[in-house]
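One structure below.
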Amino acid sequence: MTIETSEILAAFSRQHGDHYRVAEPLGEGGSGFTHRAHDLRRDIDVCLKFFLHGGAPSGARRDWRITSNLKHPLIADTFSVEHFVIHGLSEPAVAVVSRLIPGDTLEAAIDKFRNLPTDQKCALHHGLVQQVGGDICSAVRDCHSDGHGHGDLSERNVMVSRDPKTHQSRATIIDFDNATYKPELRDLQEGPRIEKDIRSLVRLVGILTFDSKWHDGVQSVLRSCTTAQSVGEALETALLIVRDVSGAASERFDRVHWNGIVSADAVTAMMGAEYRKATQELMRSAAAESNSTAVLESARSALLHRVQTDPNFPTVSMSMTTHSRRDEEAAMRLVTKDRG
């Protein structure tokens, strides 16, 4: 049976009022609702999630198992699960206590962004795609490395906050408990969830690149990817190629720019990246749009000559790139282990 939210909150406060002071509501979905609360013992604000039927369905249990063990700065982690009694229920009700993520859902952040004056949007757009898109890809990549898929990545399951000091945006993934209210996702194994996440990543970046002159080109690059890691790499490469999703001035597509791009493309070729064909098409489009096709071809010719005369050049570049990525992944594993 569905229980009134006021009854759930009253029962929780009667039994846990010495530990949590419940504050304003944060949101409501098909299966439950969330409130900000203050953890009086630890003196921190937290998020409390309650369920409209009292007890937690299987999807919620999966959520708190994953987010209790996978400690990641870009994934909202679960702190504890509190039980309490509601009159008339045979089983204890559940409240999930998780890290409070400030800010808006990606859906709300995009709505606010679209209402900004054009000049402000141009100044923020590239950074938003780079920072938020990169964060989402990074979080999903590490989640997949741990053997878990989210399964329901959407603009409602990504929180966006803005650092008041750096003025940079950060994205945090929430709600792994999609099976709670979507029957078509309830019995999915981790493999299909991971595959679904890849398609969702591409769609979320597409939402971020709305109104961009490079939207179709970037989407084409990302659709060629089959892993979260390659989506993140491809997004970074695509943003380097186009310089600015809002439309950079043509003079910025100079020889220095194309030298860097074709060098990166050579490393990509050596590593066998699946998205290389699509990025080359984006390179051609960006060069044509900026009237720098001749400069691009000249940079390619110069690189080819260097490769032919210095065979260590692509090998060293690839080795440095691989080494850097391995260092990053090793550091993340160490941080995750320490936090756990």
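Within region 182-190, does at least one residue satisfy the condition of being buried (at least 22 other Cβ atoms within 10 Å of the Cβ) and at pLDDT 80 or above?
no
Within region 258-270, can you find the residues that are under 15 Å from Thr293 (Cα atoms) and either among the aromatic types (Phe, Trp, Tyr) or touching a Ser or Thr at 6+ places or on another chain (Cβ under 8 Å) (or both)?
Matches in region 258-270: Trp258 only.
Output the residues belonging to region 286-311 that are over 33 Å from the mean Cα position of the chain (by Cα), surrounded by 11 or more Cβ atoms within 10 Å (Cβ to Cβ), in a helix (DSSP H, G or I) and not hydroxyl-bearing (Ser, Thr, Tyr).
Within region 286-311, Val295, Glu297, Ala299, Arg300, Ala302, Leu303, Leu304, Arg306, Val307 qualify.
Exactly one condition in (1) surrounded by 16 or more Cβ atoms within 10 Å (Cβ to Cβ); (2) free of Cβ contacts under 8 Å to residues at least 12 places away in the same chain is not met by His35; state its number.
The one condition His35 does not meet is (2).
Does any residue in region 199-228 that is in the same structural domain as Glu155 (by TED's automatic domain parsing) and closer than 19 Å to Arg243 by Cα come within less than 7 Å, Cβ to Cβ, of a residue that is among the basic types (Lys, Arg) and assigned to a helix (DSSP H, G or I) six or more places away or on a different chain, and which pairs are these?
That search, which allows pairs on different chains as well, returns nothing.
Name the one entry in Pro25, Pro92 that is at pLDDT 90 or above and surrounded by 14 or more Cβ atoms within 10 Å (Cβ to Cβ).
Among Pro25, Pro92, only Pro92 is at pLDDT 90 or above and surrounded by 14 or more Cβ atoms within 10 Å (Cβ to Cβ).
Yes or no: Ile241 among the hydrophobic types (A, V, I, L, M, F, W, C) and over 20 Å from Asp211 (Cα atoms)?
no
Could you go through region 9-17 and let me know if any residue there is outside any helix (DSSP H, G or I), outside the structural domain of Arg141 (by TED's automatic domain parsing) and without any contact (Cβ under 8 Å) to a residue 24 or more places away in the chain.
yes
Looking only at residues in region 242-258 that are within 29 Å of Ile207 (Cβ to Cβ) and not in a helix (DSSP H, G or I), which one is nearest to the chain's Cα centre (by Cα)?
Val245
So which residues in region 32-72 are among the β-branched types (Val, Ile, Thr) and more than 16 Å from Met159 (Cβ to Cβ)?
Selection gives Ile44, Ile66.
The values are calculated or read from the model by the stated rules, or taken from the named source; none is laboratory data. On a predicted model such as this, the values are computed, not experimentally measured, just so you know. Positions of Cβ are generated from backbone atoms using ideal geometry, with glycine treated the same way; all protein chains shown enter the neighbour counts.
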